[in-house]
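Peer 1: Sharing a structure with you now.
A short reminder: the numbers here are calculations on the coordinates, not readings from a lab. Quantities reported herein were computed from a predicted structural model and do not represent experimental measurements. Here the Cβ is made from the backbone with ideal geometry for all residues, glycine too, and neighbour counts use every protein chain on show.
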Amino acid sequence: MFINSDQTYSVRYFARRTRIVLWVITSLIITLLLTACGGTAPTPTPIPAPTQTPAPTATPAPSAIPVPTTPEAVVQAYYDALTAEQLDTALAFVADDAIFFNPIGLFSGAAEIREHLQNEVIGSLTFDLSNLQADGGKVTYAYEVIQNGSTVDVGTDGLTVVQNGKIVFDGTVSSGALLCNGDTPPGFCAGE
């Protein structure tokens, strides 16, 4: 039997086509067998969607501290802030040149007062004021100082002097008199 060149081409083409078809059928059978046996066919890895960074939103400003309108309110707000351990809030009521005179010592100026409050008062003492009475900017009151649940000081001669909405003196009536009767009385004594 004799085969010409056209027939040779046809045989090669047929053989190649048969191999491709067999490969596709074999792949399908393997996939079906894997699926039937509990195997899983490979799944494509999903491409994550591009994320968009949300536009920044304006954070509402913290609510402003209500401005006390009377000297008594300034004194009460100051001591409330100390008791709540809010040093910066308490210091917002203190004048830069204030003088504090208490049993621990004499403290002048905002920096010394901050250090004293931070080291000796905040987290250690709480204050309970009552019977606040103002005569101009001079506020007198009864007080109780509490440390670890125990009263450490109590008195009826608390004195805080407020000028222009700021505390310029904090102590007692007797410590204020001592300063005002000294050789160089502080500025808050002028109205005495």
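Peer 1: Sort Leu178, Leu117 by Cβ crowding within 10 Å, fewest neighbours at the top.
Peer 2: The order, fewest Cβ neighbours first, is Leu178, Leu117.
Peer 1: Karplus couplings for region 129-134 from phi (6.51 cos²θ - 1.76 cosθ + 1.60, θ = phi - 60°), rounded to Hz, Gly and Pro as x?
Peer 2: For region 129-134, the Karplus-derived couplings read 9, 8, 6, 5, 9, 10 Hz, x marking Gly and Pro.
Peer 1: Could you pull the Cα extents of region 59-192 along its three principal axes, largest to smallest, in whole Å?
Peer 2: 51, 34, 29
Peer 1: With r defined as the distance between the Cβ atoms of Val67 and Ser130 and R0 fixed at 30 Å, what FRET efficiency is calculated, to the nearest 0.05?
Peer 2: 0.85
Peer 1: For region 89-102, take each phi angle, set θ = phi - 60°, evaluate the Karplus expression 6.51 cos²θ - 1.76 cosθ + 1.60, and give the result in whole Hz per residue in order, putting x for glycine and proline.
Peer 2: 5, 4, 5, 5, 8, 9, 6, 4, 9, 5, 10, 10, 10, 9
Peer 1: Each residue of region 150-155 in turn: what ³J(HN,Hα) in whole Hz from Karplus with 6.51, -1.76, 1.60 and θ = phi - 60°, glycine and Pro shown as x?
Peer 2: With coefficients 6.51, -1.76 and 1.60, one gets 10, 6, 10, 7, 8, x Hz.
Peer 1: Listing Val74, Val161, Val94 from the residue with the fewest other Cβ atoms within 10 Å to the one with the most, what is the order?
Peer 2: Lowest count first: Val94, Val74, Val161.
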